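Asker: Sharing a structure below in structure tokens format, with a few things to ask.
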Amino acid sequence: MLEQVILIFSALATVAFAVTGVMAAWAKSMDLFGAVILAVVTSVGGGTIRDILLGIDPVFWISDPTLFYIALVAGLASFPIIRRIGEIRERWLAYIDACGLALFTIVGVSIAESVGAAAPIAIIMGMITGCGGGILRDVLADRVPYVFSSEIYATASLAGGAVFYLMPLRPGSYVVGFLAVLILRLLAIHKGWGLPSFGHRRDTR
Amino acid sequence: MLEQVILIFSALATVAFAVTGVMAAWAKSMDLFGAVILAVVTSVGGGTIRDILLGIDPVFWISDPTLFYIALVAGLASFPIIRRIGEIRERWLAYIDACGLALFTIVGVSIAESVGAAAPIAIIMGMITGCGGGILRDVLADRVPYVFSSEIYATASLAGGAVFYLMPLRPGSYVVGFLAVLILRLLAIHKGWGLPSFGHRRDTR
Amino acid sequence: MLEQVILIFSALATVAFAVTGVMAAWAKSMDLFGAVILAVVTSVGGGTIRDILLGIDPVFWISDPTLFYIALVAGLASFPIIRRIGEIRERWLAYIDACGLALFTIVGVSIAESVGAAAPIAIIMGMITGCGGGILRDVLADRVPYVFSSEIYATASLAGGAVFYLMPLRPGSYVVGFLAVLILRLLAIHKGWGLPSFGHRRDTR
């Protein structure tokens, strides 16, 4: 049951991440190829960095391409839609993206733990799994990664990943960790919570 | 015989890719070090990404540095030339670059196949081998990767890689796959063929 | 004794590199998360690229997170300071950075040698260990890597790495190699030595 739930959430998250990739391609006037590459990179990029750092060979989407194919199809399918309507500013996309962040975080911590990583490293691998794809997307789109100056995003991932890691009981901890990331991220979106930033120097000096 | 042909083509491709790296360094007013790094990254970057994703340790140019040295020398040699004459807009460079794309694609598919990658993954590894170096070059030169909005480039690589993969007879399939990429790319250059793009929204709506 | 010296220098170098990461985050108005990520990436990024290319799994800071934690703390600690005083242009930071370059170069060559890399590859791995973090930092901060157009930096690393590799006697060669990088880099800073560059075309034609 847990596995099916994870698969469904992973598929949803992959689609949401892919759509943000296509929107980045739209912002930079790329073509269909650029859009699909950014879709795939945003979706599977975080897990790819995690696997490379942990030394898991080959990376996960070569062992099992399911999510890779979902990202590919999502990129292809959203291209004509975004070409017609432009950037999607709908709230629901941010919500699915938050689900994706939460899910990928927990999966990432879990995988790092399974190969014996220490607690702080495992939590950071969760954050990399959740945020790494978006960072790669922004690097390929030649802009400063969104996550480096947005409302609480990576921090939600770190906090929820820590909750997940520290809770003894599985599979209950999956649910609690997932909800911790999700709720923190949703609150941050609605309240506009951000970390201290160099971008508001005048306010904070 | 096939191996010698591959080596000669690889060397030519490496030189062409290295020259595009030095030209990117020129466009960003880099120094000799930047130029040589971009030359090497453009030449060996695609195969490096492929090896990292597939878990081939160490990467190919550490096992056999021949192409690495060729890229290094090509970068060093073309620096004073490009410093004197500026950007090279000659057609022959695009032609050799197309040969490089074609050759690296086939080599990439072939290597991925040899470590047991599924068909779509192998074809994508061919594309990464052919295009990855140019993407890294553009990321390091702080610009949107050319391949994300150019005429048909990666698509030629994917199509030719698929032809190569699906043809049963070796070594004939090497020649056919190579020619498929090359001809598609040359046609795209001459006819200005491109994919649907976010960059021409007005024309296509 | 040598090991303690290396650890102390590594810690100092990690702090200096981390501070340059936080300054890059400052220049791009990032928040605390962006600053800490750039601090860590600048500090451990070079060794991470080296380990990935050489196929050392997992990368060094997962096996032993000491330097990772030092970078993390240095990033967190320097954030409020740089937020208050802005960019640090003090000479001493460039001096510690030069020590870091020198030390990481020698460590990198030494590790590459220990896994059997050929001489030119080992020397290049030393350069990647010393310079790779700064390149990643600048890519994540969406700017052309500093090292591609600065005074002599990577070249000092290559020259000192070669001296280290070629000297037969250990541990004396550690000291000589380290001093070779350091002195070259300090001279370059003070004299403004640079490589031939595309940036001064008018002067050199």
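Asker: Explain nothing, just the number: dipole magnitude of region C:137-205 about its Cα centre with +1 on each Lys and Arg Cβ and -1 on each Asp and Glu Cβ, in debye rounded to the nearest 20.
Answerer: Details: 8 positive and 4 negative charges, 27 e Å.
The calculation lands at about 120 debye.
Asker: Rg and Dmax in Å for the protein assembly as shown, alpha carbons only: what are they?
Answerer: For the protein assembly as shown, the Cα-based Rg and Dmax read 23.7, 71 Å.
Asker: Using the 7 Å Cα-to-Cβ label point, sort the distances from A:Trp193 to its equivalents in the other copies shortest first and give them in nm to one decimal.
Answerer: The answer, with the shortest distance listed first, is 5.3, 5.3 nm.
Asker: A further question follows. Based solely on its DSSP helices, what 222 nm [θ] is calculated for chain C when runs of n ≥ 4 H residues each add -39,500 (n - 2.57) and the sum is averaged over all residues, nearest 500 deg cm²/dmol?
Answerer: Values: 9 runs with 156 residues, N = 205.
After summing the helix terms and dividing by residue count, I get -25500 deg cm²/dmol.
Asker: Right, another one. Separation between the C:Leu93 and C:Ala118 pseudo-spin-labels, each 7 Å from Cα along Cα→Cβ, expressed in nm?
Answerer: 4.1
Asker: Right, another one. C:Arg91 label points, 7 Å along Cα→Cβ, one per copy: pairwise distances from this copy to the rest in nm, shortest first?
Answerer: Listed shortest first, these distances are 5.9, 5.9 nm.
Asker: With a/c under 1.5 counting as rounded, go ahead and sort region B:52-105 into rounded, prolate or oblate using the C-alpha gyration tensor (a ≥ b ≥ c being the square roots of the eigenvalues; past the cut-off, prolate if a/b is larger than b/c, else oblate).
Answerer: Details: a/c = 3.33, a/b = 1.67, b/c = 2.00.
Oblate.
Asker: Give me the net charge of B:Ser63's neighbourhood, meaning all other residues with Cβ under 13 Å from the Cβ of B:Ser63; Lys, Arg count +1, Asp, Glu -1. Don't skip to the end; give the middle numbers.
Answerer: Values: positive: none; negative: B:Asp51, B:Asp57, B:Asp64.
Summing Lys and Arg as +1 and Asp and Glu as -1 gives -3.
Asker: If you scale each eigenvalue of the Cα gyration tensor by 5 and take the root, what three semi-axes come out for region B:2-195, rounded to whole angstrom and sorted largest first? Could the numbers behind the result be given before it?
Answerer: Working: eigenvalues 133, 70, 44 Å².
Ellipsoid half-lengths, sorted descending, are 26, 19, 15 Å.
Asker: Ok, one more. Near C:Lys191, which lysines are there with a Cα under 27 Å away, not counting those fewer than 8 places off in the same chain?
Answerer: Once the sequence-local lysines are set aside, what remains near C:Lys191 is B:Lys28.
Asker: For region A:128-185 and region B:136-205, write down the distance between their C-alpha centroids in whole Å.
Answerer: Cα centroid to Cα centroid, the span is 35 Å.
Asker: If we count every other residue with Cβ under 14 angstrom of A:Pro120's Cβ, Lys/Arg +1 and Asp/Glu -1, where does the sum land?
Answerer: Values: positive: none; negative: A:Glu113, C:Asp64.
Net charge in that neighbourhood comes out at -2.
Asker: I've got another one for you. Apply the Karplus parameterisation 6.51 cos²θ - 1.76 cosθ + 1.60, with θ equal to phi minus 60°, to every residue of region B:10-19 and state each ³J(HN,Hα) to the nearest whole Hz, in sequence, with x for glycine and proline.
Answerer: Once rounded to whole Hz, the list reads 4, 5, 4, 4, 4, 5, 4, 4, 4, 5.
Asker: Skipping prolines and chain starts, which residues have an amide H placed within reach, meaning under 5 Å, of the one on C:Asp31, given they are 5 or more residues away or on another chain?
Answerer: A:Ser149, A:Phe198
Asker: For region C:132-139, in order, what is each residue's ³J(HN,Hα) by Karplus, 6.51 cos²θ - 1.76 cosθ + 1.60 with θ = phi - 60°, in whole Hz (x at glycine and Pro)?
Answerer: These are the phi-based 3J(HN,Hα) values: x, x, x, 5, 4, 3, 6, 5 Hz.
Asker: I've got another one for you. In region C:144-186, whose amide N lies under 18 Å from the spot 7 Å out along Cα-to-Cβ of B:Arg143? List them in ranges.
Answerer: The answer is C:144-146, C:148-149.
Asker: Ordered by residue, what ³J(HN,Hα) values in Hz, to whole numbers, does region A:103-115 give under the Karplus form 6.51 cos²θ - 1.76 cosθ + 1.60, where θ = phi - 60° and Gly and Pro are x?
Answerer: My calculation for region A:103-115 gives 5, 4, 4, 5, 4, x, 4, 4, 5, 4, 4, 5, 9 Hz in order.
Asker: Please state the charge dipole magnitude for the protein assembly as shown, taken about the Cα centre, from unit charges on C-beta atoms (+1 on K and R, -1 on D and E), reported in debye and rounded to the nearest 20. Before the final figure, lay out the partial values.
Answerer: Details: 42 positive and 39 negative charges, 381 e Å.
With only Lys, Arg, Asp and Glu charged at Cβ, the dipole is about 1820 debye.
Asker: Same structure, new question: Near A:Ser43, within a Cβ-to-Cβ distance under 13 Å, what is the net charge of the other residues, with Lys and Arg +1 and Asp and Glu -1?
Answerer: Values: positive: A:Arg137; negative: A:Asp97.
Overall, the nearby charge balance is 0.
Asker: Along the charge dipole of the protein assembly as shown, pointing to its positive end and built from +1/-1 on Cβ of Lys, Arg, Asp and Glu, which listed residue (B:Ala188, C:Val15, A:Val181) has its Cα farthest out?
Answerer: B:Ala188
Asker: Taking amide hydrogens as modeled 1.01 Å from N in the peptide plane, which residues meet the under 5 Å criterion relative to B:Gly194, leaving out close sequence neighbours?
Answerer: B:Ile152
Asker: Also: Just to confirm the numbers: A:Ala77, label point 7 angstrom along the Cα-Cβ line, distances to the other copies in nm, shortest first?
Answerer: Spacings between copies for this position, smallest first, are 5.1, 5.1 nm.
Asker: Suppose R0 equals 56 Å. What FRET efficiency, 1/(1 + (r/R0)^6) with r the Cβ-Cβ distance, do B:Ile8 and A:Lys191 give to the nearest 0.05? It would help to have the intermediate numbers written out before the result.
Answerer: Details: r = 63 Å, r/R0 = 1.13.
Working from the Cβ atoms, E equals 0.35.
Asker: Only Lys, Arg, Asp and Glu count, each charged at its Cβ (+1, +1, -1, -1), so figure out the dipole size of chain B about its Cα centre, rounded to 20 debye. If you can, show how the numbers build up before the last one.
Answerer: Values: 14 positive and 13 negative charges, 141 e Å.
Approximately 680 debye in magnitude.
Asker: Below 8 Å between Cα atoms, with a sequence gap of 6+, how large is the relative contact order for chain A in percent? Kindly include the intermediate steps, with their values, before the conclusion.
Answerer: Values: 320 pairs, mean separation 45.4, N = 205.
Relative contact order of chain A: 22 percent.
Read the figures in this text as sums done on the coordinates, not as results from a lab. These figures come from a predicted structure and were not determined experimentally. All Cβ positions, even for glycine, are placed from backbone atoms using ideal geometry, and neighbour counts span all protein chains on display.
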